[in-house]
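Scroll down for the structure; my scribbles are underneath it.
The values are calculated or read from the model by the stated rules, or taken from the named source; none is laboratory data. These figures come from a predicted structure and were not determined experimentally. Virtual Cβ from ideal backbone geometry, glycine too; neighbours counted across all protein chains shown.
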Amino acid sequence: MRLYELGIEIDRSGKLTLDRSTFEEASFTFDVEQILAGEQGLFSSIEARLDIYLDSSSGTLNRRLETLESEKSRVDDALDSLETRYQTYYNRYLSQFTQLNALDSELSAVSVLFTV
């Protein structure tokens, strides 16, 4: 049994449409409730497939979320390390600049003694 035989169609975007007359005709011929809601029905099949994605312990989406959280943590750690290195370089270059500036002032003061 195919969905279109029951008057149910799914378009490319996932939107379900129901052809009422086809559905009503099918309901006289087939046990529609069993086809849709029975143990081997459509909804059971959909539920089983969704469980693959939505299971809270082993679902695909949960594993992907854990992977993304791990990746975010790794990137955050790398960013913290980079910020620490930046601060270290900044402090070193600031210290060197300050020393160079002080030396320039001293040399300027000495050069005044030698100019006429």
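So which of Tyr53, Tyr86, Tyr90 is in contact with a Gly (Cβ under 7 Å, 6 or more places away or on another chain) and free of Cβ contacts under 8 Å to residues at least 12 places away in the same chain? Spell out the reasoning first.
On the way: Tyr86 fails: in contact with a Gly (Cβ under 7 Å, 6 or more places away or on another chain); Tyr90 fails: in contact with a Gly (Cβ under 7 Å, 6 or more places away or on another chain).
Tyr53 is the lone residue from the list that is in contact with a Gly (Cβ under 7 Å, 6 or more places away or on another chain) and free of Cβ contacts under 8 Å to residues at least 12 places away in the same chain.
Condition check: among the β-branched types (Val, Ile, Thr) and either within 24 Å of Ile10 (Cα to Cα) or exposed (fewer than 10 other Cβ atoms within 10 Å of the Cβ) (or both). Does Thr88 satisfy that? Spell out the reasoning first.
Values: among the β-branched types (Val, Ile, Thr): yes; either within 24 Å of Ile10 (Cα to Cα) or exposed (fewer than 10 other Cβ atoms within 10 Å of the Cβ) (or both): no.
Criteria not met by Thr88.
Residues Asp55, Asp80: which one is surrounded by 10 or more Cβ atoms within 10 Å (Cβ to Cβ), among the acidic types (Asp, Glu) and at pLDDT below 95?
On the way: Asp80 fails: at pLDDT below 95.
Exactly one of Asp55, Asp80 is surrounded by 10 or more Cβ atoms within 10 Å (Cβ to Cβ), among the acidic types (Asp, Glu) and at pLDDT below 95, namely Asp55.
Which residue, of Glu9, Glu25, is out of contact with any Gly (no Cβ under 6 Å at 6 or more places or on another chain) and part of a helix (DSSP H, G or I)? Outline the logic, then answer.
Values: Glu9 fails: part of a helix (DSSP H, G or I).
Criteria check complete, one pass: Glu25.
Whether any residue in region 40-63 is part of a helix (DSSP H, G or I), of a type in the set (Lys, Arg) and not assigned by TED's automatic domain parsing to the domain that holds Tyr4 is what I want to check.
Going residue by residue through region 40-63, those that are part of a helix (DSSP H, G or I) are 42-54, 60-63.
Retained after the next criterion (residues that are of a type in the set (Lys, Arg)): 49, 63.
Imposing the further condition that a residue be not assigned by TED's automatic domain parsing to the domain that holds Tyr4 reduces the set to 63.
Scanning region 40-63, I find at least one residue that is part of a helix (DSSP H, G or I), of a type in the set (Lys, Arg) and not assigned by TED's automatic domain parsing to the domain that holds Tyr4, so the answer is yes.
Could you go through region 43-59 and let me know if any residue there is under 30 Å from Gly7 (Cβ atoms) and touching a strand residue (DSSP E or B) at 6+ places or on another chain (Cβ under 8 Å).
Step one: filter region 43-59 for residues under 30 Å from Gly7 (Cβ atoms), giving 43-54.
Narrowing further to those that are touching a strand residue (DSSP E or B) at 6+ places or on another chain (Cβ under 8 Å): none.
Scanning region 43-59 turns up no residue that is under 30 Å from Gly7 (Cβ atoms) and touching a strand residue (DSSP E or B) at 6+ places or on another chain (Cβ under 8 Å).
Check whether at least one residue in region 12-22 is surrounded by 10 or more Cβ atoms within 10 Å (Cβ to Cβ), part of a helix (DSSP H, G or I) and either in contact with a strand residue (DSSP E or B) (Cβ under 8 Å, 6 or more places away or on another chain) or in contact (Cβ under 8 Å) with a residue 24 or more places away in the chain (or both), and report yes or no. It would help to see each step written out before you state the result.
First pass over region 12-22, keeping only residues surrounded by 10 or more Cβ atoms within 10 Å (Cβ to Cβ): 18-19, 22.
Subsequent filtering for residues that are part of a helix (DSSP H, G or I) retains 22.
Retained after the next criterion (residues that are either in contact with a strand residue (DSSP E or B) (Cβ under 8 Å, 6 or more places away or on another chain) or in contact (Cβ under 8 Å) with a residue 24 or more places away in the chain (or both)): none.
No, every residue in region 12-22 fails to be surrounded by 10 or more Cβ atoms within 10 Å (Cβ to Cβ), part of a helix (DSSP H, G or I) and either in contact with a strand residue (DSSP E or B) (Cβ under 8 Å, 6 or more places away or on another chain) or in contact (Cβ under 8 Å) with a residue 24 or more places away in the chain (or both).
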